[in-house]
Amino acid sequence: MTRIPVCLAALPPLALAMLVGCQLAQRTKSAATLPKAPAATSWALLGFTKADSSNPVLGPSPAGVFTDPILQLAVQWEEKDVFNPAATVKDGQVWLLYRAENEVRKFAKTSRIGLATSADGVHFARQPTPVLYPANDAQKKYEWPGGTEDPRLVEGPNHLYYLTYTAYDGHLARLHVATSPDLRHWTKYGNVFAGAYGGKYVDKWAKSGAIVARYEADGRVVAAQINGSYWMYWGDTQIWLATSPDLIHWTPLEMTPGERPPVPLRSTAATVSDLRVILPTRAGKFDSDLVEPGPPAMLTDQGIRLLYNGRNEPAFGDKALPAGTYAAGQALFDRRDPTKLLRRLDTCFLRPDRPYEITGQVNQVVFLEALVRLNNRWLLYYGTADSKIAVATRPVE
């Protein structure tokens, strides 16, 4: 069976002819097949197939109830929406840490992070209570009432897990970090940029930290040092870069004197104009309005592969995609210099085209955050319309 990147099924033949890394079986009488991808783009991880027989693999549930430590009331914490997961493989199972929201009834809408496990990566058993959530602790003022959102997960030294997540107080998103020995019990360390430049970026909009890691054959996603430091791609308007000696304290890269951003800065990016843009938005493309890291960046022999999310605005982007569409792209950076962009796919490789991806809390969204390998398969987990979680798969080759 010929594998096709699912986001390309709706594109015209001319755009499809530009695809690198796969073949497309045209649904026409001639069933024409495109040429094989040139070697120059063999770095990309393409050919994912959405698991239609099982998707969505996780959705809202009224069953999960816990006593919120701030409200001191019972809350159905995942009743409204479930989306945007992190993942790793531990003890031969996929462990999924996912964002969940309660219904806006008696309470404000709050995000909490839940945990589910699966032996096959498709059928999940949930923990009844969230594992990371706003509480009466030092981070409450940053996490309440908005919550803890959009986790990304790596394993660090001594088998300790490191989770980057968004702390949202209802007004400002901040990038925070927590650690755990077992994925169930977490220690919060607060803002990742608290010690950088005298706290200059603590009260700036920041989220989506994808740490550079090695994807091991046993399914673990292990943080990797390059030139003696850990590296993290982050941001949700442009993509920036930060370094760390210990996976907790991070310093964002600023521009050198005389350096200028590669594109005009809009929205929250304009409030951090000193930062060095590593992967910018692109006019005329699916990622014209916003770029945001996906799963932990993958260190390979060819370079650092970053799967990322892009949002479209047809007025200055891809006129074939609806306004606000979130679709997924890939970029490759130098394995010895994470600031150096080597390659970038010209078009998305995953896009909304299923009903549960097109309609939901936010329409027209596929949003990648987790990639693992299990039983010789790649499993790519993503949020759908900010409402449910789905998976796309491909063989490990």
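The values are calculated or read from the model by the stated rules, or taken from the named source; none is laboratory data. Every value quoted in this text rests on a predicted model; they were computed, and no experiment measured them. Counting neighbours? That spans all protein chains shown, and the Cβs are built from the backbone with ideal geometry, glycine included. Surface accessibility is based on the protein's heavy atoms, side chains included, excluding ligands, DNA and RNA. Shrake-Rupley method; radii C 1.70, N 1.55, O 1.52, S 1.80 Å.
Structure data summary
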| read-out | value |
| --- | --- |
| Restricting segment 276-353 to trypsin sites (Lys or Arg not before Pro) in coil, as DSSP defines it, with at most 16 other Cβ within 10 Å | ARG276, LYS319, ARG336, LYS340 |
| Phi to ³J(HN,Hα) by Karplus 6.51 cos²θ - 1.76 cosθ + 1.60 over segment 94-103, Hz, x for Gly, Pro | 7, 10, 10, 9, 10, 7, 9, 10, 7, 5 |
| Most positive-pole-ward Cα, PRO314, VAL89, THR237, against dipole of the chain from beta carbon charges | PRO314 |
| Tensor-based shape of segment 71-162 (alpha-carbon gyration tensor, a/c under 1.5 rounded, otherwise prolate or oblate) | oblate |
| Net dipole in debye of the chain [+1 Lys, Arg Cβ; -1 Asp, Glu Cβ; about Cα centre; nearest 20] | 680 |
| Size descriptor, Kirkwood hydrodynamic radius, that averages inverse alpha-carbon separations across segment 222-303, Å | 13.9 |
| Per-pair calculated FRET efficiency, R0 = 22 Å: PHE316 and SER273 via Cβ, rounded to 0.05 | 0.65 |
| Phi-based couplings in Hz for segment 228-238 (Karplus 6.51, -1.76, 1.60; Gly and Pro marked x) | x, 10, 8, 10, 9, 7, 8, x, 9, 10, 10 |
| Residue-normalised accessible area of the chain, expressed per residue, 1.4 Å probe, Å² | 39 |
| Spin-label pair ALA217/THR49, simplified geometry with 7 Å Cα→Cβ offset, distance in nm | 2.5 |
| Förster radius 51 Å - calculated FRET efficiency between LYS140 and SER42 (Cβ-Cβ, nearest 0.05) | 0.60 |
| Cut-off under 5 Å, modelled amide H: who pairs with GLY121 long-range | VAL94 |
| Cα→Cβ-extended label distance, 7 Å offset, between ARG266 and VAL396, nm | 4.1 |
| Neighbourhood charge, 13 Å Cβ-Cβ cut-off, centred on SER180 and excluding it, Lys, Arg +1 and Asp, Glu -1 | +1 |
| Label-zone membership for segment 250-269, site ALA194, 7 angstrom Cα→C-beta point, backbone N under 20 Å | 250-253 |
| Positive dipole terminus of the chain, leading residue within GLY284, ALA392, VAL202 (C-beta point charges) | GLY284 |
| Candidate lysines for bridging to LYS50, where Cα separation is under 18 Å - those fewer than 8 sequence places away on the same chain excluded | LYS388 |
| Part-to-part distance (alpha-carbon centres) for segment 343-360 and segment 104-151, which is given in Å | 26 |
| For segment 245-258, 3J(HN,Hα) per residue [Karplus equation, 6.51 cos²θ - 1.76 cosθ + 1.60, θ = phi - 60°, Hz, x = Gly/Pro] | x, 9, 6, 10, 9, 10, 10, x, 7, 9, 5, 7, x, x |
| Peptides 286-294, 53-61 ordered by average Cβ neighbours within 10 Å, highest first | 286-294, 53-61 |
| Gained length - ASP120 relative to GLN225, 0.36 nm times residue gap less alpha-carbon distance | 34.8 nm |
| Antiparallel %, DSSP beta bridges [both residues in segment 88-181], to 5 | 95 |
| Within-10-Å neighbourhood charge of GLY235 [Cβ basis; K, R +1; D, E -1] | -1 |
